[in-house]
Amino acid sequence: MKDEGKSIINIPRIGKAAKADFENLGVKTYRDLISLCPRAYEDRRSERRLKSSSVDNTTIYCRIRIERKDYIPSKKGGRTLKILARDDDQSILELYCFNRDYLDKRLHIGSEYYISASVSRMKGIYRAGAFEIKENASELGFGKILPIYPLSGNLNQKTVRSAVDYALSALSPIEDELPYSFYDRLGLMHHAKAYLYLHHPEKMSYVEMARRTLAFSELFFLELESTREKNYHRTVRPVVTSLEKKLIGSLPFSLTDDQEKALDEIRADLDSSSPMNRLLEGDVGSGKTLVAWLSALHEIAKGAQVAFMAPTELLAKQHAENAASLLEPLGVRICYLTGAISEKGRGLLLRALENGDVDLAIGTHALFTDDVAFRNLRYVIIDEQHRFGVEQRKQLIGKAKDPNILSMTATPIPRSLALIFFSNLDLSVIKTKPNGRLPIKTYLVSEGKRDEMFRSIEVEFQRGHQAYFVYPRIEEDEEGSIKAVEKMYEELRFIYPGYESRMIHSHLKDEEKVDILNRFRAGEYAYLVSTSVIEVGIDIPNATCMVIEHADRFGLAALHQLRGRVGRSSLPSYCFLVYSNGISEDAKERLKVMRETNDGFVIAEKDLAIRGPGEISGSRQSGFLKLKFASLVEDTDLIALAKEEAERISKDDKGLIKAENAILRKHVKGNIF
């Protein structure tokens, strides 16, 4: 659109102050103005008289006749103009003209005017202090549907409406943004009509039609940006290597259907001529790490090296121990590389990597430092990928030429966010838990029920099972209002005098944390007293109880991850969410969700509905979710449709060189993304 990037300072009656207020709404250009979505609409096509106001703060718009004017004393010694009027039903309306004495001369007794007012009712008399009053009905938009915009600073509805109308006129005729065939096939409005009806709908039904068109367009260009970066693999028949077969045959259980499906998808990518870029999303305890090891064997069997990067030394160490027990018996050569390794030991490992004497390197960010070189790195696995920055991931990937990349996350992602954020990735999802796992029973525990909870947990200790006690802080605050690890460790030793325990938190060295977890796994401690440092990756099958104190202070994703530290065997497991008095409505809703479901994907959708998008993992975080028309909660169907259309075009015409896609090429060149 011509002039769409023009600053709003060029619009009459918009000075520096108004410009600053508009910028607080994210409006800087003409395009931003016509994209300012009304927060509501007032249907003024027919009168709404005083009798329709059954509750306070109802807006009326009707004709009134002025009957009397008086001045009443104010509390601060001044006076306020009070006007008595009646509508056509003879209902009485008292208008309080705060700081509007000029209306005394403009409004005449016996004359009729048109009014829009927010009214309250007291003893049968309606009152209003906020109102607009004009001689002509058209000046108040009577007979129309009026947009109600978000405001900032000293902006008012009249100023915003006038500015939007000016921008609409200046940009007319508004061009379509999508290929012509889209509109009829997908039931969309042409863009000129969509923008017009967004701000001046003839019917309320047109508002949603206009919003959906603009939302689809917005989502489509986001999807097109991502999908044009995506490699589309040719279909190949996946081959299961002998190494994989040996590991699968040694397992005391069968893979789940979801694990099998994910493995087939990954194998097909690894055997393709195009590099893999896949996200493996697995709910807590679903066995995604086993899938990673099997896929690593698939490449190792072909003579390739594999790098597995974890976000913390604690998690990397646990992965290394797990891999050693499963893969070393198959002849796989494994090394563990972190920043804590001595200089001498590090030198030996680096030479082994460069000479090709290591098949699988497991570590932290130490894997991508400048002095690390691989002989034949072909496959990179990144665990909890959202915990690494974009540059960190690029550094590791840069150690190889066009490597296959598998990113993993144990945090279920709402479908709408996955469709947008990971459109440039292929997605594999593991939802089902391994056979024999039981749902974790979750209880909400008020402060007064804590003793009962402690007794229930002692029963589990008597059965030889273990527990975690999680607190939001290491040390108590000055007020002592929040339970903390150090104090509760002493208190729990008093409650459970016959049972061994340890503290674990972020202030401990990684070697000490690893030692504590190994001893806990060996059964030396009945329980651990911890912060959320145990949130991800800790796998102790004998732990059956999770206690989260001040659970109302944790987000849904953190609660779900912490709960997932138990229920990792066939033993019945329990989670106790202890909450404080006077918690917020959002906190109540979060705890209710946790009590009702163990499904991380359901929890993710609920979390999105409660909190909104929040901080999303991956790159492009800044500004990427500032959608103007689309709702990530309500428009999942529209997001899926936009993804489908973007993928269709990206597969068929990635360069956008076909005539029907010329409009898209124009928007790409115009940096719409």
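The values are calculated or read from the model by the stated rules, or taken from the named source; none is laboratory data. Small disclaimer: the values here were computed from a predicted structure and weren't measured. Don't worry about glycine lacking a Cβ; one is built from the backbone with ideal geometry, like all the others, and counts go over all protein chains shown. For accessibility, only protein heavy atoms count, side chains too; no ligands or nucleic acids. Shrake-Rupley method; radii C 1.70, N 1.55, O 1.52, S 1.80 Å.
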> Condition test on VAL536, is it of a type outside the set (Asp, Glu), within 23 Å of ALA410 (Cα to Cα) and part of a loop (DSSP other than H, G, I, E, B)?
Replying inline: yes
>> Testing LEU146 on (1) touching an Asp or Glu at 6+ places or on another chain (Cβ under 8 Å); (2) over 22 Å from ASN10 (Cβ atoms); (3) open to solvent by 50 Å² or more (accessible area, probe 1.4 Å), one condition comes back false. Which one is that?
In response: (3)
> Within segment 15-41, how many residues turn out to be farther than 30 Å from MET204 by Cα and of a type in the set (A, V, I, L, M)?
Replying inline: 2
> Got a number for residues in segment 269-281 being part of a strand (DSSP E or B) and either open to solvent by 10 Å² or more (accessible area, probe 1.4 Å) or modelled with pLDDT under 85 (or both)?
Replying inline: 2
> Failed condition for ASN598, given (1) closer than 26 Å to SER407 by Cα; (2) at pLDDT 85 or above; (3) not in a loop (DSSP other than H, G, I, E, B), with all others met?
Replying inline: (3)
>> Yes or no: segment 352-365 includes at least one residue that is hydroxyl-bearing (Ser, Thr, Tyr), at pLDDT 90 or above and buried (at least 22 other Cβ atoms within 10 Å of the Cβ).
In response: no
>> Which of the numbered conditions does GLU476 fail, given that it passes all the others? Conditions: (1) closer than 29 Å to ILE583 by Cβ; (2) open to solvent by 30 Å² or more (accessible area, probe 1.4 Å); (3) modelled with pLDDT of 95 or more.
In response: (3)
> Name the pairs: first residue in segment 45-72 and open to solvent by 80 Å² or more (accessible area, probe 1.4 Å), second residue polar (S, T, N, Q) and outside any strand (DSSP E or B), Cβ to Cβ under 9 Å, at least 6 apart or on different chains?
Replying inline: LYS51/SER91; ARG65/SER111
> Out of (1) open to solvent by 20 Å² or more (accessible area, probe 1.4 Å); (2) of a type in the set (Ser, Thr, Tyr); (3) in contact (Cβ under 8 Å) with a residue 60 or more places away in the chain; (4) not in a helix (DSSP H, G or I), what's the single condition that is false for THR159?
Replying inline: (4)
>> Suppose we keep only residues that are closer than 28 Å to ARG211 by Cβ and among the charged types (D, E, K, R) within segment 129-143. Which one would you say is surrounded by the most Cβ atoms within 10 Å (Cβ to Cβ)?
In response: GLU132
> Of the residues LEU337, LEU396, LEU314, which single one is surrounded by 22 or more Cβ atoms within 10 Å (Cβ to Cβ), farther than 26 Å from ARG267 by Cα and modelled with pLDDT under 85?
Replying inline: LEU314
>> If I ask for residues that are in contact (Cβ under 8 Å) with a residue 40 or more places away in the chain, of a type in the set (Ser, Thr, Tyr) and not in a strand (DSSP E or B), which ones from segment 84-133 would you list?
In response: SER91, SER111
> Would you pick out the residues in segment 243-267 that are open to solvent by less than 20 Å² (accessible area, probe 1.4 Å) and either among the hydrophobic types (A, V, I, L, M, F, W, C) or in contact with a Cys (Cβ under 8 Å, 6 or more places away or on another chain) (or both)?
Replying inline: LEU247, ALA262, LEU263, ILE266
>> If I ask for residues that are surrounded by fewer than 17 Cβ atoms within 10 Å (Cβ to Cβ) and part of a loop (DSSP other than H, G, I, E, B), which ones from segment 447-471 would you list?
In response: ARG463, GLY464
>> I need the full set of residues from segment 200-215 which are in contact (Cβ under 8 Å) with a residue 60 or more places away in the chain and either in a loop (DSSP other than H, G, I, E, B) or open to solvent by 80 Å² or more (accessible area, probe 1.4 Å) (or both), in order please.
In response: PRO201, MET204
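Residue-wise test of (1) open to solvent by 80 Å² or more (accessible area, probe 1.4 Å); (2) in contact with a helix residue (DSSP H, G or I) (Cβ under 9 Å, 6 or more places away or on another chain); (3) modelled with pLDDT of 95 or more; (4) closer than 19 Å to ASP32 by Cβ.
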site	(1), (2), (3), (4)
PHE182	no, yes, no, no
ALA194	no, yes, yes, yes
LEU198	no, yes, yes, yes
SER217	no, yes, no, yes
PHE221	no, yes, no, yes
GLU225	no, yes, no, no
ARG228	no, yes, no, no
TYR232	no, yes, no, no
VAL236	no, yes, no, no
> Inside segment 493-512, can you point out the residues that are aromatic (Phe, Trp, Tyr) and surrounded by 13 or more Cβ atoms within 10 Å (Cβ to Cβ)?
Replying inline: TYR496, TYR499
>> Anything in segment 513-558 that is in contact with a His (Cβ under 7 Å, 6 or more places away or on another chain), buried (at least 23 other Cβ atoms within 10 Å of the Cβ) and at pLDDT below 95? List them, or say none.
In response: SER530
> Just one of LEU297, LEU290 is open to solvent by less than 30 Å² (accessible area, probe 1.4 Å), part of a helix (DSSP H, G or I), touching an Asp or Glu at 6+ places or on another chain (Cβ under 9 Å) and aliphatic (A, V, I, L, M); which is it?
Replying inline: LEU297
